[in-house]
Amino acid sequence: MPPIQDMTSAASASREMASEPLGSEPLASEPLRSESLGDAGLLDALQHQVAVFARRAEQTRLGGVGQVRNSMDRAAYLLLNRLDQEGPMGVKALAAGMGIDSSTVTRQVAPLVDTGLVKRTSHPEDGRAVVLQLSARGLARLEEVRSSRRELMAQVTGGWTADERTSFTTLLTRFNGALSARAAGQQPGEGGTDERDAADS
């Protein structure tokens, strides 16, 4: 995290981030305090850290560790994860649950079907309808990638307590939900996309 005294404005923070090489942000020696920064300072610090996180996520892809690192792209992972959590569903239902359009889901799921990770099958209650279902091969592949990414999270947060991990997960989920609501034209807290697996279009 950049030194607190440098976070005086969104513009200066953005300039700092653009000029810093990978790994240059020092870790915070003490927690941020609202009474010392004020609302504007905290918001500047927040936007800067979100920008840094976005760059880090793009550079590392958060793709896990070991041989399967970065072996599955984000869209595929989120689709497989959704089908694992929610069970078989049609393209429209899958698209609605992930906050993306049906054409995007169709495009993203096609290679998963071609490689046997997802299969098309008849709807159990309506034989005329087709649903997407995670195959046994897809489940095994998902578990492999999920385990690798779990290990990455364990390593990155290795010095954190269980409470700190819980708090960070809770707040990040809430933050993602607010971003999703904004993208959908809603006020935060009005519902919207399930941020467990909202995919990019």
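The values are calculated or read from the model by the stated rules, or taken from the named source; none is laboratory data. From a predicted model like this one, the values you see are computed outputs, not experimental measurements. No Cβ is skipped: glycine too gets one built from the backbone with ideal geometry, and neighbour counts run over all protein chains shown. These area figures cover heavy atoms from the full protein model, side chains too; ligands, DNA and RNA do not enter into them. Shrake-Rupley method; radii C 1.70, N 1.55, O 1.52, S 1.80 Å.
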Within 24 Å of residue 180 (Cα to Cα) and in a helix (DSSP H, G or I) - does that describe any residue in the range 108-129?
yes
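Test residue 138 against the criterion of being open to solvent by less than 70 Å² (accessible area, probe 1.4 Å) and without any contact (Cβ under 8 Å) to a residue 12 or more places away in the chain, and give yes or no. Lay out the reasoning, then the answer.
Values: open to solvent by less than 70 Å² (accessible area, probe 1.4 Å): yes; without any contact (Cβ under 8 Å) to a residue 12 or more places away in the chain: no.
No, not satisfied.
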Count, please, the residues in the range 103-130 that happen to be under 18 Å from residue 78 (Cβ atoms) and either aliphatic (A, V, I, L, M) or touching a residue at least 24 places away in the same chain (Cβ under 8 Å) (or both).
10
Residue within the range 165-186 that is at pLDDT 95 or above and part of a strand (DSSP E or B) present
no
